[in-house]
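Worksheet: the structure to be examined is printed underneath.
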Amino acid sequence: MNQELINALNSIVANATPLVIASMGETITERAGVVNLSLNGSIILSAMAGFVVALQADSLIIGLIVAILVGALIALIISVASIELRRDQIAVGFVLTLLAADLAQFLGQDFTRVPGPRISKWSFPILSEIPIIGDIFFDHDVFVYFSFVLVIAAWFWLFRTRGGLEHRAIGERPESAFARGTNVNRMRYFYTVFGGGLVGLAGAAYSLSVKPGWATPPAMQGDGWIALAIVIFGGWHPFRVVFGAYLFAGLRAASSAIQRNGGLDLPLVDVHVNISFILLNGLPWLLMILTLLAVSSGGIERLVSLLPRQIQNRMRNVLRSDPPAALGTRFEAE
Amino acid sequence: MIFMDVEVKNIHKRFGPVHANNDISVTFKGGNIVGILGENGAGKSTLMKILSGFQPADSGEIWIDGRPVDYHGPRAAIAHGVGMLQQDPLDVPAFTVLENFIYGAPGGMNLNRPQAQRQLSEVSQRFGFDLDPETPINRLSIAQRQQLEIVRLLALGVKLLILDEPTTGISAEQKNVLFEALRNLAKNDGLSVLLVSHKLEDVIALCDEVVVLRAGKLVGTKQLPATTDELVTLMFGEELAPHQPEDIEFGDTVLKLDRVHLASKRLSITDLSLEVRAGEVIGLAGLDGSGQRLMMRACVGLEKCVAGDVFINGQRMTGQAYRSFMQHGVSFGAAGRLEEGLIAGLTLTEHIALVSERGMVIDWARARQHTETQIKLYDVRGHADNMIEQLSGGNQQRVLMALLPENPVVLVLEQPTRGLDVDSARWIWQQLLKRRADGTAIIFSSAELDEIVTYSDRILVFYAGQIYEIRDPDAVSIDELGRLIGGDFQSSDHVERLA
């Protein structure tokens, strides 16, 4: 494998990491039946807060903690508004995303294009020695390694533990969860705030690593919406979500590479094709819609039913396209 | 044997003005199968929800084995040995059978699937239940979901099992499996079973004893065997409503169903032929979900006929939409006032404007004037600017009446007086009878048997998609009608099978 390609894949993994962390946080929240629509604003505000605090306090750790707290706080507002005040989650999330993004630009105006701290790279011992794989996946900073652990932990939690069963039940049918003794609203608070904390961390992963510093307009503008789309594309399953995030980052890298080349050289036929970069930018979305259509068509289900029974349900979990049945609804015990 | 005696003492529960449980005290002995009988709204479900922890009582006590207990929530009730199978079993559709079985059971972080699977198959085999652990719930029938829920509750150590209308939506064969398992549990394990049902035949087939509620009060208990007659008398009381005879000349046939076949998920009606003449009032009797809804919707074009034809005033309307039925003078009032008939969030004026204003631009002054007139005419206690949901049920019903066209050819009304007090109900009927005198044919359903006997010129009795006709309502007592809606058609010589 040539070095250029390895470098490209390495940077795709790095660039996808904030998306992975944010969409995993949203997956956890939505699996509990709550929509945190504030992702775009949350990420921007926590990116700004993380960077500015890390700079002022001269401590990356404090910067990280503040970023997490900002994300968690916004999520807390959504859960209080939805659970206590019985407001619509979508409406509150939408207002918060606008508010947080503007607040970030206002509070961060003295810190645009100021040099500041960033998390340094740390090649993972032993694993980074593996040829190719090591170069692509284990030659990064801690955000990337954390995202790996996060994905596996989220999957294990959701599908391999009693707590995960309860977590999914809250998002699917809270009445049943209540009948089994689960305090639905308390758990929804927890998962919303926890997921929000991860969204905050994703913000810090931009401003302290992938796109270091703070600028106006923010470099991560729009990525929160992408993360929300990736959760849907990923069918609320951690593995498919992470695949979606990498796919998206990969397509984005490809499109900017083609843009740099001024077009695409087709090696076999020796033709240089000029592709509009606007079209290229739209490509990831098109691919997502096509995948969703494929997954939600009956054909996939027919294929799955040909598999051995044990694997069937696992495949259904991975291929599902329905949101958690109680997503965005309120629950009140009688 | 695990006999457990449960006693409820002086239970009260109010929902707003409704006294759903009024000082109910009753003892359930271990090893007994008890039927809980009562009409819709008699307070059966409320009492069972209190017993199983889904709702707190306003006051009163629950004693188990001679000691008072105080629990909050269904989980705590199960810990005390009381579990309830809801009509729509409370499972998680996205889970597999095994995951549902595990969720809620005690245990550590680890799922320990093999052990749970052993436990599940042990219990289900004992009762002949067919439950495959890896099947997702959304592929099971209602009967299988009930079986799973029963197995789950038993595994949690439930000693008093409450079943809410368990025989709705399951086949006769599945019912036999279920009843066999319940008898087995009661006789061999000493489990208590409470069967909430309004199907008398089920109660008579299964129970040792019945407890009857009427209008929130306990009106009697009775050891079985008893005759259907005795149970009906307990359920409906003995008062017979006087029937005011009216001599009305019926006009021509306005609605005709010709060999109509209808099918829904749960039941089907085959080969129904019926002619309704101008000025006739047809009452539809039957327990909820016996086919009345299906037929009424077919009469107004909201339900497609599988086969057969619908005629309005001699014109073939088969397959046409509700809108064109409306243009031919058919009007429909749905049972769910706020769900289907009225629009929460709109004012009275906006409602009136919706039906009266025909142009592109609404003349609000005119609509408002029209509303004021209608409010006076229909004696609605409310203001033109009130949101519809701010009105009481009786006043909402009056608004619905005001929204109906002046001289419809056929009026189809689902439970037009449901939840209304006697006065409002009588007022609604005055309005309806006025229209009928003008030649409107009326088809209505009701859960109140005396309402049906009082106002109908003909009665159709629905039972699981079968339809029987009573041509002479005067000859039928409320008792007999009660037996008929329970499916006992053999003993009556007043009925004739229609479909």
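Would you mind stating whether A:Arg260 is away from every other protein chain (no Cβ under 14 Å), within 30 Å of A:Ser147 (Cβ to Cβ) and either in a strand (DSSP E or B) or more than 22 Å from the chain's Cα centre (by Cα) (or both)? Judged against the criteria, A:Arg260 is a match. The set of residues in the range B:1-37 being touching a helix residue (DSSP H, G or I) at 6+ places or on another chain (Cβ under 9 Å) and aliphatic (A, V, I, L, M) consists of B:Met1, B:Ile2, B:Val6, B:Val8, B:Ile11, B:Ala20, B:Ile24, B:Val26, B:Ile33, B:Ile36, B:Leu37.
Let's see how each residue does on (1) aliphatic (A, V, I, L, M); (2) at pLDDT 95 or above; (3) within 24 Å of A:Ala81 (Cα to Cα):
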| residue | (1), (2), (3) |
| --- | --- |
| A:Ala169 | yes, yes, yes |
| A:Arg180 | no, no, no |
| A:Arg186 | no, yes, yes |
| A:Ser207 | no, yes, no |
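I'd like the residue in the range A:299-317 that is away from every other protein chain (no Cβ under 11 Å) and not in a helix (DSSP H, G or I) and, out of all such residues, is surrounded by the most Cβ atoms within 10 Å (Cβ to Cβ). Step by step, filter the range A:299-317, then rank; the result is A:Leu307. The residues on offer are B:Gly81, B:Gly53, and the sole one that is small (Gly, Ala, Ser) and touching a residue at least 60 places away in the same chain (Cβ under 8 Å) is B:Gly81. Mind checking which residues of the range B:81-98 are more than 15 Å from B:Leu194 (Cβ to Cβ) and either more than 9 Å from every other protein chain (Cβ to nearest Cβ) or part of a loop (DSSP other than H, G, I, E, B) (or both)? If the condition is that a residue be more than 15 Å from B:Leu194 (Cβ to Cβ) and either more than 9 Å from every other protein chain (Cβ to nearest Cβ) or part of a loop (DSSP other than H, G, I, E, B) (or both), then B:Asp88, B:Pro89, B:Leu90, B:Asp91, B:Val92, B:Pro93, B:Ala94, B:Phe95, B:Val97, B:Leu98 are the ones that fit.
Is it true that B:Asp70 is surrounded by fewer than 21 Cβ atoms within 10 Å (Cβ to Cβ), assigned by TED's automatic domain parsing to the domain that holds B:Lys222 and free of Cβ contacts under 8 Å to residues at least 12 places away in the same chain? When the stated conditions are applied, B:Asp70 passes them.
Whether any residue in the range B:374-391 is more than 33 Å from the chain's Cα centre (by Cα), part of a helix (DSSP H, G or I) and not aromatic (Phe, Trp, Tyr) is what I want to check. Scanning the range B:374-391, I find at least one residue that is more than 33 Å from the chain's Cα centre (by Cα), part of a helix (DSSP H, G or I) and not aromatic (Phe, Trp, Tyr), so the answer is yes. For the range A:181-189, check the following and say yes or no: at least one residue is hydroxyl-bearing (Ser, Thr, Tyr), away from chain B (no Cβ under 14 Å) and more than 27 Å from A:Gly282 (Cα to Cα). Scanning the range A:181-189, I find at least one residue that is hydroxyl-bearing (Ser, Thr, Tyr), away from chain B (no Cβ under 14 Å) and more than 27 Å from A:Gly282 (Cα to Cα), so the answer is yes.
Among the residues of the range B:131-146, the one identified as among the charged types (D, E, K, R) and within 20 Å of B:Leu161 (Cβ to Cβ) is B:Arg145. Note on the range B:99-130: residues that are hydrophobic (A, V, I, L, M, F, W, C) and within 14 Å of another protein chain (Cβ to nearest Cβ) total 6. Scanning the range A:132-177 for residues that are farther than 30 Å from B:Gly104 by Cα and outside any helix (DSSP H, G or I), we see that the one that is farthest from the other protein chains (Cβ to nearest Cβ) is A:Ile132.
Being among the hydrophobic types (A, V, I, L, M, F, W, C), within 14 Å of chain A (Cβ to nearest Cβ) and without any contact (Cβ under 8 Å) to a residue 60 or more places away in the chain holds for only one residue in B:Ile137, B:Ile142, B:Ile162, and it is B:Ile137.
Does B:Gly333 qualify as being closer than 29 Å to B:Ala298 by Cβ and in contact with a strand residue (DSSP E or B) (Cβ under 9 Å, 6 or more places away or on another chain)? For B:Gly333, the condition - closer than 29 Å to B:Ala298 by Cβ and in contact with a strand residue (DSSP E or B) (Cβ under 9 Å, 6 or more places away or on another chain) - is met.
Matching residues to (1) surrounded by fewer than 19 Cβ atoms within 10 Å (Cβ to Cβ); (2) within 14 Å of chain A (Cβ to nearest Cβ); (3) touching a Leu at 6+ places or on another chain (Cβ under 9 Å):
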{"site": "B:Gly43", "(1), (2), (3)": "no, no, yes"}
{"site": "B:Lys49", "(1), (2), (3)": "no, yes, no"}
{"site": "B:Gln55", "(1), (2), (3)": "no, yes, no"}
{"site": "B:Gly60", "(1), (2), (3)": "yes, no, no"}
{"site": "B:Ile64", "(1), (2), (3)": "yes, no, yes"}
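Of the numbered conditions (1) in a loop (DSSP other than H, G, I, E, B); (2) free of Cβ contacts under 8 Å to residues at least 60 places away in the same chain, B:Phe101 satisfies every one except a single condition; which is it? Going through (1) in a loop (DSSP other than H, G, I, E, B); (2) free of Cβ contacts under 8 Å to residues at least 60 places away in the same chain one by one, B:Phe101 breaks only (1).
The values are calculated or read from the model by the stated rules, or taken from the named source; none is laboratory data. Since the structure is predicted, the reported quantities are computational estimates derived from the model, not experimental observations. Please note: Cβ atoms are built from the backbone with ideal geometry, for glycine as well, and neighbour counts cover all protein chains shown.
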